[in-house]
Amino acid sequence: MSGYRRIQTGGSDRIVTAVLHAGDPSSPLTGLATVVLSIWRMNGAAIEWYDFSDLTFKAAGWTTLQQVMAALDTARSPGVYQYLWATAGITNPNADDSYFYRVTDTSSQARNIPQEGMLDVGQYPDKLDALVSSRAVPGDAMALTVGERAALDAALSAAHGVGSWEGLGSSAVAAAVWDEAAAGHVAPGSFGEEEQSHATPVEVLAAVGVGLAAYDAATGVQVASRAAPGDAMDLVTDAVDAGALADSAVAEINAGLSAIHGAGSWEGPSPAAIATAVWDEALPGAHAAGSAGRLVADLEARLTLARAAYLDQIPGLAVDTALLKKIPINRLELSEAGSGTWILYDDDNVTPLLTWPVRDKDGDEIRMSKYVPARRGRGV
């Protein structure tokens, strides 16, 4: 096992150890399941051991203090054991922590056991990574220091002459072009030759005259067909759109409509204003016969307070129209002598509907003699 290593915070460390036979130092011990790893650290003045069961450093209460190390390769690297420890999984890490390894053989077969090692996490590897990752990559803009700019200027000036590598200003280039002697540029097909040989004042005037003559007739027709100020315009669909009207034109149209109809009136009243005007309309008002306004006005005129009070009483006037139909036509008879009671039967001639006593002027029962009519059959 190597004695000391340092890794970045959150990195992983592969712990490797070679185990030799106690009886034969030249013979590696392979195939063991007894080579185990323990890890501890100092937390202030306290020693804490790593519990592999929950990945936590503790001063007491451990579950798994030792981790079996696996054989690396029994065929090609016999007697070598390894364990990959991910420090990112520690549940209670400390910044820039130091850890100590101890490898033992619980079978006591190994000669070079126990073995010790140390691992530091963080500190300068973290800082080194931060510095390297912040360096510019190809294509990034660079902010040169004063010294760097001076060195570049000196190198370019030495190679191309003082200031020449900066190039002439645009004004100097333009002046050089227009101040160039025309006589020096007469090569056939060049711009100078074309300008001097073919774009003479006579040629230009002649070409302009031909062009104006070709467009004169059509231009005259077009101008003559334009509307004069004050002419009425027949606007077809999409003849004018928002992009074709300047703000000043819109302002003129608005002013003209406002002068004719009143400011803002051509836009029409709002829904709220319309609703207010409808419900505030005076009744009866001048509303034609058959209109909704006339109907409302007539109802208001007919529905007086007295009639309204009478209508309020209608729900209490319960009328049984079915009973009214049965009273004049259904079976009606005077009960047995001694009771003095009229009985009105339902449509089945069996079920009594109404009964009422029958008395003479003195309040005595009326007793009917035999063979005196005392009942009425159902009418048809």
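Residues that are loosely packed, with under 11 Cβ neighbours inside 10 Å and either modelled with pLDDT of 70 or more or under 60 Å from the mean Cα position of the chain (by Cα) (or both) do occur in the range 328-344. Candidates in the range 140-163 are the residues that are of a type in the set (A, V, I, L, M, F, W, C), surrounded by fewer than 10 Cβ atoms within 10 Å (Cβ to Cβ) and part of a loop (DSSP other than H, G, I, E, B); of these, the one that is modelled with the highest pLDDT is ALA143. Every listed requirement among (1) of a type in the set (A, V, I, L, M); (2) closer than 27 Å to PRO125 by Cα; (3) touching a residue at least 60 places away in the same chain (Cβ under 8 Å) is met by VAL35 save one, (2). Report yes if some residue within the range 311-327 is under 30 Å from ASP280 (Cβ atoms), assigned to a helix (DSSP H, G or I) and either modelled with pLDDT of 75 or more or not β-branched (Val, Ile, Thr) (or both); otherwise report no. The answer is yes; a qualifying residue exists. Taking ASP24, is it of a type in the set (Asp, Glu), part of a loop (DSSP other than H, G, I, E, B) and assigned by TED's automatic domain parsing to the domain that holds ASP120? When the stated conditions are applied, ASP24 passes them. Residue count for the range 49-106 under the criterion of being under 19 Å from VAL35 (Cα atoms) and of a type in the set (A, V, I, L, M, F, W, C): the result is 14. Apart from one condition, LEU32 fits all of (1) part of a strand (DSSP E or B); (2) at pLDDT below 95; the exception is (1). Take the conditions in contact (Cβ under 8 Å) with a residue 40 or more places away in the chain and not β-branched (Val, Ile, Thr) and apply them to ARG76. Does it pass? Here the answer is no, as ARG76 does not meet what is asked.
Pairing each residue of the range 348-362 that is farther than 19 Å from LEU324 by Cα with any residue that is among the β-branched types (Val, Ile, Thr), provided the two are 6+ apart or on different chains, yields C-beta distances under 6 Å for PRO357/THR341; VAL358/ILE366; ASP360/ILE366. Selection within the range 30-74: residues that are of a type outside the set (A, V, I, L, M) and over 52 Å from the mean Cα position of the chain (by Cα). The member of this set that is surrounded by the fewest Cβ atoms within 10 Å (Cβ to Cβ) is GLY31.
The values are calculated or read from the model by the stated rules, or taken from the named source; none is laboratory data. As the structure is a prediction and not an experimental result, all values here were calculated from the model. All Cβ positions, even for glycine, are placed from backbone atoms using ideal geometry, and neighbour counts span all protein chains on display.
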